[in-house]
1. I need the fraction of alpha carbon pairs in chain B separated by more than 29 Å, rounded to a whole percent.
2. Other chains' Cβ within 10 Å of A:120-128 residues: what's the mean?
3. Over all directions, the average projected area of the alpha-carbon convex hull for segment A:68-117 comes to how many nm²?
4. Whole number please: convex hull volume per residue, Cα atoms of segment B:201-336, in Å³.
5. Find how much the distance from residue A:148 to residue A:129 grows on full extension, using 0.36 nm per residue of separation minus their present alpha carbon separation; answer in nm with one decimal.
6. Could you work out how far apart the two model spin labels at residue B:313 and residue A:59 are, taking each label as a point 7 Å from the Cα in the direction of the beta carbon, and quote it in nm?
7. Per the helix-only calculation at 222 nm, which mean residue ellipticity applies to chain B, given -39500 (n - 2.57) for every DSSP H run of n ≥ 4 and division by its residues, nearest 500 deg cm²/dmol?
8. What is the gain in length, in nm to one decimal, between residue B:125 and residue B:112 on full extension, counting 0.36 nm per residue of separation less the C-alpha to C-alpha distance?
């Protein structure tokens, strides 16, 4: 990863308010191709909101989002902000994979059906091809034997791996993980981390919000500590988790988690 | 004063007695009086023989007394379960007056009494079922038409209600408000009897389908809206996250998940619908209720209504099982 490249994703002065609470406060962020960025911070610090703003699941109040250099989500005409057309927003989301804390698998579809759904409905691929892609993705996350099973019969870890396969089936340019292991039993966390690691090794660009500091330390190229809607600190895992961390707030947060 | 009143009463009594033979004329009043006295004493045989004294009318003589006497005899025989003699008395009247309705009805009733109850019920069934069956087919047709139309109407209304376009959601709100807020009977009257004044004349069947269709669409609209909004919001987000647009997310992800929870309330509505179709009998549509009513009014025979009730029950039972089956199938993915 070199910082001379154009950033894949750039956020400029992003602000998101809920009534009079500022969830995300004028945040600037650049994510470069192949980079693994981990965002940590206490609950309610705006991590998830920031992540969800990237693929426009949250509507931002101010700021600019650039994806591969082009402005997305909003267009400014005569000084007024307009929403992009729905089809433009859908096209952007198709290039950004997202994994949720609570999986949100489609319960009425089998594992294979869940993974096929994107290629089939959004990319309008023929069902044979969609099936082939989906089977490949399920194999990648180690669930070839669960293809024809409904989500209700899967364990939490298996569900999350299907969700990852579902996002990957769209061949996204970047993957967003919103606390992917927070809803899992501790013994199931490992299999999901393993899957994400494998993905990282293949060079996938990813932004991960997590509370697992060990995982963040292992995987991240860069770690951001977020609090009250702003970035409090930013650096390599060594810089942030290292013994010479001087910021009292960050140290107490980390101590409480470890 | 008291004295005067007493005198007047006595005078009146005498006057009545004096005048009475004029009214009695050549009648058999005394004979009837004698017979009823005997009956009151329980002397039925004697009463019968007294009544037997009244002969058939001769020439152009009036036959009222004869008819009354014979019918009275018939009733006495019938009350002693002597149907043969009762019938005989009836037929004596019918021989002279074949159109006498009292004798005809009594004869029919006696004949019914002669055969066992279950056989007369079967005979009624054979008589009523073809007509009721035809009516039941119309009811079924009406029910199936409404069942086919209203889920789609309901879905449109539900999607309209939750849409973010104010005029559309307002219109759908109005439709629900109107059709849920006025009696179905009134709506049917309005469509069948009211629309012709606006130049639109519809057949009873079409009026019924439109009325029931609109009414049930409004009800199902609210049910479907509730089901859609009860689906976890994360499902919509997950669908959007893989790039689906609103329409794709709705029809591929959200709506299919509502089927299982839609079935119990929709089943309820459709069972109510089967019975609500009875209302269209008021707009000249000959369906099951109307057929049963016609049979009942023609023959004064409660069997027609009993049979109609059985047919309604059969229909609701059948549909109950069908809906249960569909509900089970719709929720099969939730089984572990």
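Since every read-out is calculated from the coordinates, none of them should be taken as a lab result. These numbers were taken from a predicted model, which means no experiment stands behind them. When we count neighbours, we look across all protein chains shown, and the Cβ atoms used for this are built from the backbone with ideal geometry, even at glycine.
1. On the way: 35685 of 56280 pairs.
Across chain B, Cα pairs with separations above 29 Å total 63 percent.
2. Working: counts 1, 10, 7, 2, 0, 0, 0, 0, 0.
Partner Cβ neighbours, averaged per residue: 2.
3. Numbers: hull surface 21.2 nm².
In nm², the orientation-averaged hull projection of segment A:68-117 is 5.3.
4. Values: hull volume 16.0 nm³, N = 136.
Hull volume over Cα atoms, normalised by residue count, gives 118 Å³.
5. On the way: separation 19, 0.36 × 19 = 6.84 nm, distance 1.69 nm.
Gain in length upon complete extension: 5.1 nm.
6. 5.7 nm
7. Values: 14 runs with 254 residues, N = 336.
That calculation yields -25500 deg cm²/dmol at 222 nm.
8. On the way: separation 13, 0.36 × 13 = 4.68 nm, distance 1.42 nm.
Between residue B:125 and residue B:112, full extension yields an extra 3.3 nm.
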